[in-house]
Amino acid sequence: MIKGVIFDLDGVIVSTDEYHYQAWKQLADEEGIEFDREINNQLRGVSRIESLKIILKKSTKTYSDEKIYDLAERKNKFYRVSLESLDERELLPGALEIITSLKTKKIPMAIASSSKNAKTILKKIKLTETFDVVTDGTDVTETKPDPQIFLIAAERLSIAPAECLVVEDSEAGIEAAKRAGMKYLGIGTINSLPNAEYRVKNLSEISVDKLLSL
Ligand code: BG6
Ligand code: MG
């Protein structure tokens with residue numbers, strides 16, 4: 001039985017996944033590195049530094065740790081500019097409805113996002129107070145697909161992993177949920193989430209009762 005729901009943030013609740021893509025694209029273009037939406041899909045759910053390392057595989061140059069850090073900072077500056085105008089209009093279809101229904105049913109909810117910008121985003125979309133627990137990129141040493149972030153969220157919710165449901169748009173996140181021993185719902189398509197047995201295009205396609213019976 002599902003007693004708690006753990007949501008990823010970027011690409012599940014809010015369309016900041018597109019902002020990440022635009023910021024990485026700007027960085028890659030400036031550095032002359034090949035980058036497209038297919039490569040971008042591999043970055044979903046993965047920490048900033050690990051994402052950059054995936055992008056740099058397409059470069060012929062070698063980068064020092066200092067340079068890698070500078071590039072990651074530069075990307076984050078581009079990204080944070082796009083966050084300035086973020087508001088509730090960027091919520092993804094069905095997200096607010098599901099969250100509101102879960103709240104009415106008194107189901108504990110957590111955010112488990114790899115992002116170090118998660119708290120800023122929650123403030124911008126006015127959902128800071130909605131979640132019982134917020135776990136983000138500042139809480140972990142390992143990035144998804146490691147299950148660490150979900151296990152921390154479950155512990156903070158005081159709910160056993162097997163009684164938690166994860167809602168995720170990334171392959172890394174689905175893998176992490178499986179490794180954590182949790183149930184999951186994928187948000188995406190057969191192309192973006194080939195390994196997600198349970199999947200919808202967005203949260204408007206599922207009722208709260210169905211979600212809780214997965
Ligand atoms: C995840 C995104 O939520 O956060 C990734 O899916 C992103 O694309 C990661 O790289 C880290 O985000 P940030 O905001 O700390 O750079
Ligand atoms: Mg995501």
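The values are calculated or read from the model by the stated rules, or taken from the named source; none is laboratory data. Bear in mind that the values here come from a model prediction, so they are computed numbers and not experimental data. Using ideal geometry, Cβ is built from the backbone for each residue, glycine included, and neighbour counts are taken over all protein chains shown. Accessible surface areas use protein heavy atoms only, side chains included; no ligands, DNA or RNA. Shrake-Rupley method; radii C 1.70, N 1.55, O 1.52, S 1.80 Å.
Close contacts from region 110-130, counting a first residue that is charged (D, E, K, R) and a second that is part of a strand (DSSP E or B) and more than 11 Å from ligand 2 (Cβ to nearest atom), with Cβ to Cβ under 7 Å and a gap of 6+ residues or different chains, come to Lys119/Val134. Considering each residue of region 179-188 in turn, none proves to be in a helix (DSSP H, G or I) and crowded, with 20+ Cβ neighbours inside 10 Å.
The set of residues in region 39-57 being closer than 17 Å to Thr16 by Cα and charged (D, E, K, R) consists of Arg44, Arg48. Pairs linking a residue in region 60-79 that is surrounded by fewer than 10 Cβ atoms within 10 Å (Cβ to Cβ) to a residue that is not in a helix (DSSP H, G or I), with Cβ atoms under 8 Å and 6 or more positions apart or on different chains, do not occur. Considering Ile111, Ile99, Ile121, Ile55, the condition of being crowded, with 16+ Cβ neighbours inside 10 Å, of a type in the set (A, V, I, L, M, F, W, C) and not in a helix (DSSP H, G or I) is satisfied by Ile111 alone.
The residue of region 4-23 that is farthest from Ile107 (Cα to Cα), among those that are open to solvent by 10 Å² or more (accessible area, probe 1.4 Å) and outside any loop (DSSP other than H, G, I, E, B), is Gln22. Restricting the search to region 25-46, which residues are under 25 Å from Asn195 (Cα atoms) and either away from ligand 2 (no atom under 15 Å from the Cβ) or buried (at least 20 other Cβ atoms within 10 Å of the Cβ) (or both)? The answer is Phe35, Asp36, Glu38, Ile39, Asn40, Leu43, Arg44, Gly45, Val46. When you scan region 120-132, do you find a residue that is under 14 Å from the mean Cα position of the chain (by Cα) and closer than 20 Å to Leu185 by Cβ, even just one? Scanning region 120-132, I find no residue that is under 14 Å from the mean Cα position of the chain (by Cα) and closer than 20 Å to Leu185 by Cβ, so the answer is no. Of the listed requirements (1) touching an Asp or Glu at 6+ places or on another chain (Cβ under 7 Å); (2) open to solvent by 50 Å² or more (accessible area, probe 1.4 Å); (3) in contact (Cβ under 8 Å) with a residue 40 or more places away in the chain; (4) not in a loop (DSSP other than H, G, I, E, B), Arg156 misses just one: (1).
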